[in-house]
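S.K.: First, the structure itself, so that you have it in front of you.
The values are calculated or read from the model by the stated rules, or taken from the named source; none is laboratory data. Nothing here was measured: the structure is a model prediction, and the numbers come from that model. Ideal geometry is used to build each Cβ from the backbone, glycine not excepted, and the neighbour counts take in all protein chains shown. All accessible areas refer to the heavy atoms of the entire protein, side chains included, with ligands and DNA or RNA removed. Shrake-Rupley method; radii C 1.70, N 1.55, O 1.52, S 1.80 Å.
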Amino acid sequence: MYKALIAASLLLLAGCESTYYSAMESVGVHKRDIMVDRVEEARDAQSDAQQEFQSALEQFQALTNFDGGDLQRMYESVSDAYDDSAASAAQVSKRIDDVESVADALFEEWQDELDQISNDRLRRDSASKLKATERNYKSLIRSMRRAEAKMDPVLTALKDNMLYLKHNLNAAAIGSLDQEYKSIKSDIDALIAEMNASISSSNEFIESLRGN
């Protein structure tokens, strides 16, 4: 029963997406246009996530450098920054999923329409462009997923430290987190570098689509 419900849900979602594409097509917005929009949205979500993770790191650093003041308020600032980072990470994943969804629809449609081109030269040229676009897309989605994969370890480390501090909110406990901060900083630096590479790939892919 449970598996049947999942299958039905997936079919419903697929149907909704198909209906959406058909509706957009009817007003002159094609899957290629939607693909460009969604890659831009995924790129922008990554850019926003970079800022949120960097902010969380800065808040955590300020806490580890605690030298008097309202400790509870500083902890709450770090906790809020973690929540913002987690929300941004979820948004990045959703945007990447959206890119994959329209890509599948676009390439399936493109392949089907090749058979409708009677001119051999035009059909070969279109087929060649399809293969090139698919190659570029696969490179792009790998880059996006690599950056996405680096978010969870950072969020896990931040959450671990938030829970530890929640149970041990005192100067001695905070003083023991210096090594934790260095490790998280290293992971966030790597995450931001991977996201920058993904953002660059997104820009290149968008230009390649617009150029075709």
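S.K.: Count, please, the residues in segment 165-212 that happen to be among the polar types (S, T, N, Q) and closer than 30 Å to residue 70 by Cα.
M.R.: The total comes to 6.
S.K.: Next up: Of all residues in segment 148-176, which are touching a Leu at 6+ places or on another chain (Cβ under 7 Å) and either of a type in the set (A, V, I, L, M, F, W, C) or at pLDDT 95 or above (or both)?
M.R.: Scanning segment 148-176 gives 150, 151, 154, 169, 173, 174.
S.K.: Ok, one more. Return the residues of segment 110-154 that are open to solvent by 50 Å² or more (accessible area, probe 1.4 Å) and in contact (Cβ under 8 Å) with a residue 40 or more places away in the chain; say none if nothing qualifies.
M.R.: 129, 136, 139, 145, 146, 150, 152
S.K.: Among the residues of segment 51-67, which ones are open to solvent by 30 Å² or more (accessible area, probe 1.4 Å) and either in a helix (DSSP H, G or I) or in contact with a strand residue (DSSP E or B) (Cβ under 6 Å, 6 or more places away or on another chain) (or both)?
M.R.: 51, 52, 54, 55, 58, 59, 61, 62
S.K.: For segment 115-212, which fully contained helices (runs of 4 or more DSSP H) count at least 3 residues that are closer than 15 Å to residue 85 by Cβ?
M.R.: 151-167, 178-211
S.K.: Has segment 68-78 got any residue that is closer than 23 Å to residue 155 by Cβ, touching a residue at least 60 places away in the same chain (Cβ under 8 Å) and in a loop (DSSP other than H, G, I, E, B)?
M.R.: no
S.K.: For segment 1-48, which residues satisfy the criterion of being in a loop (DSSP other than H, G, I, E, B), more than 24 Å from residue 130 (Cβ to Cβ) and either modelled with pLDDT of 80 or more or aromatic (Phe, Trp, Tyr) (or both)?
M.R.: Within segment 1-48, just 27 meets the criteria.
Yes or no, residue by residue, for (1) among the charged types (D, E, K, R); (2) over 28 Å from the mean Cα position of the chain (by Cα); (3) within 20 Å of residue 48 (Cβ to Cβ):
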residue: 172; (1), (2), (3): no, yes, no
residue: 180; (1), (2), (3): yes, no, no
residue: 196; (1), (2), (3): no, no, yes
residue: 206; (1), (2), (3): no, no, yes
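S.K.: Among the residues of segment 180-212, which ones are at pLDDT below 90 and open to solvent by 40 Å² or more (accessible area, probe 1.4 Å)? Give the steps one after another, and end with the answer.
M.R.: Let us first name the residues in segment 180-212 that are at pLDDT below 90, namely 209-212.
Those that are at pLDDT below 90 and open to solvent by 40 Å² or more (accessible area, probe 1.4 Å): 210, 211, 212.
S.K.: If you check residue 98 against the conditions, is it part of a helix (DSSP H, G or I), open to solvent by less than 70 Å² (accessible area, probe 1.4 Å) and touching an Asp or Glu at 6+ places or on another chain (Cβ under 9 Å)?
M.R.: Judged against the criteria, residue 98 is a match.
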